[in-house]
Amino acid sequence: MTTRLSTKGQLILPKEIRERHGWGPGVELEIEDRGNSVVLRRAVDVPETTLEEVLGCTGYQGPAHSLDEMEAGIARGALRTCEGAPVVELVPSP
């Protein structure tokens, strides 16, 4: 399914997509730029949260670590996960 951007920068979403998601006239959509793609979602579907609401959600109970320590731990975990796996280079789409 394709659509075209107008000279005014407007995009018409096909009726099938609008109906499937329940998007009527005036609905507010959030736009997320993912580099080579864009995601649209109803703005109310992504509630704002505060830092206080998510503190402790990881369940980690140990001492605080520096950013360097965390990055080193992530690198060690990635190496363990990928041992023996072929190296893949990610190249962004044009």
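Every read-out reported here was derived from the displayed coordinates using simple, explicitly stated rules and does not represent laboratory data. In this text, all values refer to a predicted model and were calculated from it rather than measured experimentally. FYI the Cβ positions are ideal-geometry reconstructions off the backbone, even for glycines, and counts take in every protein chain you see.
Suppose each label sits 7 Å from its Cα in the direction of the beta carbon; what would the R76-Q10 distance come out to in nanometres?
About 5.7 nm, to one decimal.
Starting at 0 and stepping by 10 Å, how many percent of the alpha carbon pairs of the stretch 1-61 end up in each bin?
15, 39, 25, 14, 7, 0
Describe numerically, in nm with one decimal, the distance between label points set 7 Å from Cα along Cα→Cβ at T2 and at I31.
2.1
So, in nm, how far is label L51 from label S66 when the simple model puts each one 7 Å beyond its Cα toward the Cβ?
Spacing of the two 7 Å Cα→Cβ label points: 2.0 nm.
How big is the C-alpha Rg of the stretch 33-83 next to the rule-of-thumb value 2.2 N^0.38 Å, as a ratio?
Cα Rg divided by the expected 2.2 N^0.38 Å: 1.70.
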